[in-house]
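Asker: Below is a structure I'd like to ask you about.
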2 protein chains.
Amino acid sequence: MSDNNLNNQQKNSRNTSMDVARLVGVSQATVSRAFDPSSKMKPTTREKVLNAALSLNYTPDAIARSLISNNTNIIAVIMQNTTNPFYAKVLTKLSIQLRKFGKQILYFYLDNPDNLQQMITQVLQYRVDGILITSINLSSTIADTCLNFGIPVVLFNRQINSSKIQSVCCDNFQAGRDCADYFVMKGHRRLAFIGGFDTASTTLKRKEGFLSRLRERGITDVTIYHSDYTYEAGISAFHHLVKEQDLLPDAIFCISDLVCAGVIDCIRHNYHLSIPDDIAVIGFDDIDLASYQSYDITSFSQPIDDMISYTCELLMSPEKYSQESNLTLFPCTLITRTTA
Amino acid sequence: MSDNNLNNQQKNSRNTSMDVARLVGVSQATVSRAFDPSSKMKPTTREKVLNAALSLNYTPDAIARSLISNNTNIIAVIMQNTTNPFYAKVLTKLSIQLRKFGKQILYFYLDNPDNLQQMITQVLQYRVDGILITSINLSSTIADTCLNFGIPVVLFNRQINSSKIQSVCCDNFQAGRDCADYFVMKGHRRLAFIGGFDTASTTLKRKEGFLSRLRERGITDVTIYHSDYTYEAGISAFHHLVKEQDLLPDAIFCISDLVCAGVIDCIRHNYHLSIPDDIAVIGFDDIDLASYQSYDITSFSQPIDDMISYTCELLMSPEKYSQESNLTLFPCTLITRTTA
């Protein structure tokens, strides 16, 4: 297949929906509806129409249609930190939900936070219907730029104070408090918190909740360490605690399950201590790994399905977007396993 | 911000690239180039132009432009089995590579293989410049449909026999042979292969290579078991081996690191056997988990960067697409750790 062949085939393939309707013996409206996943019809009819359309090289032209309707049916998703399987799950579930409404995902991986503005300018060129930004600190300047273009933006798992942008998060502050209560209930008194970047709202809120509740319960022996979100970060964080502290903590709250796995391996393999007897640990996100027998991590689970459903509603309804409060928090659940 | 506000803002935002050029004091061509990431220019100039453009609510219209150029700069990516972190890595690296050429990813998650045809019809509506399909068995009917639309399709990590579609894979057959040699060299004589779906080319080729090399070396005591690609599949596969076999294998080749992690946990925690002394195990993909101390899996690594670069070349050059052989294999490397 040469370059010319590719182009010729494309040029020769201009059958219309009328041709498809005639071939199947249905109306033109039925052909249109067959291509719209949100429109209900008999699966066998849909299949017959789609097969006929493909055999005639016909598809509706979403691009041309978008110029008329001012609606591309594309939602841009900007992600960072994709080594955390939590975000693979977010992307998968989001894709399933959006597809039900005939929306597609234009995916952007942000390799360097400094490139965010340039990335947003690319996103805007595609006249997307909405933008979802996960776990990235957004400046209010960039946030306002998107709003000025009339495009709804949802921050997922981050909050921003000075903007009209919608944020969808789990209740990180409350999770921090719950973690404090759980550790204290189990008899722990020398605590540590291993956070991520100290500018990330997830880290700040969980830390705030954890410390405030410990203070209320009269516990002040708390070590704070900021790191990254990876397994390797967990290992070096625990080495750091050992080096800096005369007395090791007896319980550690980790910012992610990956960090927690690093902490666990370092405790067991490098220092030959026992979990939870010597040190208890709690993670966050309840990723698949948390339930693997080698780790079996007690972890906070985010109600990801509810969070994504609500995010989709915000992205698809400008009315809802403008009426609701700018921050929606979803409660986390502590899944207790054997590490705490 | 109400629905009306959104629309009004959009309507009032029709500044042109000439307005931006005037504001910054550069030519219109410079403004165009600032928006094209593949075009080289001084970062400070680019930033100045992009800032000015955003302040004037100007972006080029990629959608309108695509109707003229017959080129959307969109590559569709269809993925399945996204619980395997290998594919998160593929998506991330692909996104970085494509962005260098100003290409974006339209992401489709295939939740049910039966929906592939319907999904392809949606993909085609967006007049994408190319389609990448990972780890999904493609019927030659669907493959030919895409080619008839004049769109290059690359199958990543799967091969298809009866089509002109390009496949980019690692050399699964050779990896199977290498695994056999490694186990035999280590003195193992009772072997097992835990594969994925028995229709997947990855499973078939690795099995074929593994068995053929074992036969050549005079070893016939090989148990085959087909399963899924998950941690849970690994656990149930090992339980199955115990139930069915009088004598357990002394070495197991697993289709993925996730399966291998399940096998390892089952061997250690359910049967209290030692790895590699009682049973050696080898995984595939060399995901991050493989290097975690709790697992430390000997695993085959795929040259993912080379595979993705080549895939991008195929998707972006119709000439290359039509001239090259339909199957390109990349050699795997065995990363030896402590499980074999």
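The values are calculated or read from the model by the stated rules, or taken from the named source; none is laboratory data. Keep in mind that this is a model prediction, so the values were computed, not measured. Every residue, glycine among them, receives a Cβ derived from its backbone with ideal geometry; neighbour counts consider all protein chains shown. Side chains are part of the model used for accessible areas, which takes the heavy atoms of the whole protein and leaves out ligands, DNA and RNA. Shrake-Rupley method; radii C 1.70, N 1.55, O 1.52, S 1.80 Å.
Asker: If you line up the long axis of helix A:85-100 against the longest principal axis of chain A, both from Cα atoms, how many degrees apart are they, to the nearest 10?
Answerer: Rounded to the nearest ten degrees, it is 30.
Asker: Now for a separate question. Note the distances from B:D306 to each other copy's matching label point, with points 7 Å along the Cα-to-beta-carbon direction, in nm, sorted shortest first.
Answerer: 4.9
Asker: Per residue, how much accessible surface does the range B:106-238 expose to a 1.4 Å probe? Answer in Å², no decimals.
Answerer: Roughly 34 Å² per residue, with all protein chains present.
Asker: If you don't mind, there's one more thing I want to ask. With just the Cα atoms defining each centre, how far is the range A:187-235 from the range A:147-165? Give it in Å.
Answerer: 27
Asker: Let me ask something additional. Between B:H239 and the same site in the other copies, what are the distances in nm, shortest first, taking label points 7 Å from Cα along the C-beta direction?
Answerer: Relative to the other copies, B:H239 has label-point distances of 3.9 nm.
Asker: Here is a follow-up. Given H placed 1.01 Å from N in the peptide plane, which residues other than close sequence neighbours of A:T72 have an amide H under 5 Å from its amide H?
Answerer: Here A:D129 satisfy the definition.
Asker: Over the range B:266-340, what is the mean sequence separation of C-alpha contacts under 8 Å (at least six apart), divided by residue count, expressed as relative contact order in percent?
Answerer: For the range B:266-340, the relative contact order is 38 percent.
Asker: Further question on the same structure: Determine, from the Cβ-Cβ distance of B:H272 and A:M185 and an R0 of 25 Å, the FRET efficiency 1/(1 + (r/R0)^6), rounded to the nearest 0.05.
Answerer: 0.15
Asker: Give the relative contact order (percent, whole number) for the range B:197-312; include only Cα pairs under 8 Å separated by 6+ residues.
Answerer: 19
Asker: Can you give me the long-range amide H partners of A:L327? Hydrogens built in the peptide plane at 1.01 Å from N, cutoff under 5 Å, separation of 5 or more residues or another chain.
Answerer: A:S167
Asker: Among B:L204, B:T230, B:G218, whose Cα projects farthest towards the positive end of the dipole of the range B:184-247, with charges put on the beta-carbon of Lys, Arg (+1) and Asp, Glu (-1)?
Answerer: Highest projection toward the positive end goes to B:G218.
Asker: Which peptide among A:168-174, B:276-282, B:74-80, A:113-119 comes first, and what is the full order, when sorted by highest mean count of other Cβ atoms within 10 Å? Present the calculation step by step, with values, prior to reporting the outcome.
Answerer: On the way: A:168-174: 21.7, B:276-282: 19.7, B:74-80: 23.9, A:113-119: 16.0.
Packing proxy ranking, top to bottom: B:74-80, A:168-174, B:276-282, A:113-119.
Asker: Dipole size in debye (nearest 20) for chain B around its Cα centre, Lys and Arg Cβ +1, Asp and Glu Cβ -1?
Answerer: 1380
Asker: Would you mind checking the tilt of helix B:304-316 against the longest principal axis of the Cα atoms of chain B, expressed as 0 to 90 degrees and rounded to 10?
Answerer: With both axes taken from Cα atoms, the answer is about 40 degrees.
Asker: Filter the trypsin sites (Lys or Arg not before Pro) in the range A:11-67 down to the DSSP loop ones having no more than 15 other Cβ atoms within 10 Å, then list what survives.
Answerer: On the way: sites: A:K11, A:R14, A:R22, A:R33, A:K40, A:R46, A:K48, A:R65; in loops: A:R14, A:K40.
The qualifying sites are A:R14, A:K40.
Asker: Calculate how many DSSP beta bridges within chain B are antiparallel, expressed in % of all such bridges and rounded to the nearest 5.
Answerer: 10
Asker: Express the carbon and sulfur contribution to the solvent-accessible surface of the range B:86-242 as a percent, rounded to the nearest whole number, probe 1.4 angstrom.
Answerer: Solvent-exposed carbon and sulfur of the range B:86-242 make up 47 percent of the total.
Asker: Using the charge dipole of the protein assembly as shown (Lys, Arg: +1 at Cβ; Asp, Glu: -1 at Cβ; taken about the Cα centre), state which of A:G25, A:Q122, B:H272 has its Cα farthest towards the positive end.
Answerer: A:G25
Asker: Looking at chain A from every direction and averaging, what is the projected area of its Cα convex hull in nm²?
Answerer: 22.2
Asker: Distances from A:G218 to the same position in the other copies: list them in nm, one decimal, shortest first, using label points 7 Å from Cα along Cα→Cβ.
Answerer: 7.6
Asker: Which value, in square angstrom to the nearest 100, describes the accessible area buried between chains B and A on both sides, using a 1.4 angstrom probe? Intermediate results must be reported in sequence, preceding the final value.
Answerer: On the way: alone 17200 and 17210 Å², together 26740 Å².
Roughly 7700 Å² of accessible surface disappears when B and A pair.
Asker: Right, something else. Can you tell me the dipole magnitude for the range A:40-160 around its Cα centre, using point charges on the Cβ only (Lys, Arg +1; Asp, Glu -1), in Debye to the nearest 20? Working shown, then result.
Answerer: On the way: 12 positive and 6 negative charges, 156 e Å.
Rounded to the nearest 20 debye, it is 740 debye.
Asker: To the nearest 10 degrees, how steep is helix B:201-216 against the longest Cα principal axis of chain B, on a 0 to 90 scale?
Answerer: That helix lies at roughly 30 degrees to the long axis.
Asker: For q = 0.15 Å⁻¹, what log10 I(q)/I(0) does the range A:249-340 give under the Debye formula with an equal point scatterer on each alpha carbon and no solvent?
Answerer: With no solvent term, the Cα-only Debye profile gives -0.62.
Asker: What dipole magnitude, in Debye to the nearest 20, does the range B:151-260 give about its Cα centre under +1 on Lys/Arg Cβ and -1 on Asp/Glu Cβ?
Answerer: So the magnitude is around 340 debye.
Asker: Would you kindly derive the ³J(HN,Hα) couplings of the range B:41-52 from the backbone phi angles with the Karplus curve 6.51 cos²θ - 1.76 cosθ + 1.60 (θ = phi - 60°), listing them in order in whole Hz, with x for Gly and Pro?
Answerer: My calculation for the range B:41-52 gives 7, 4, x, 5, 5, 4, 4, 4, 5, 5, 4, 4 Hz in order.
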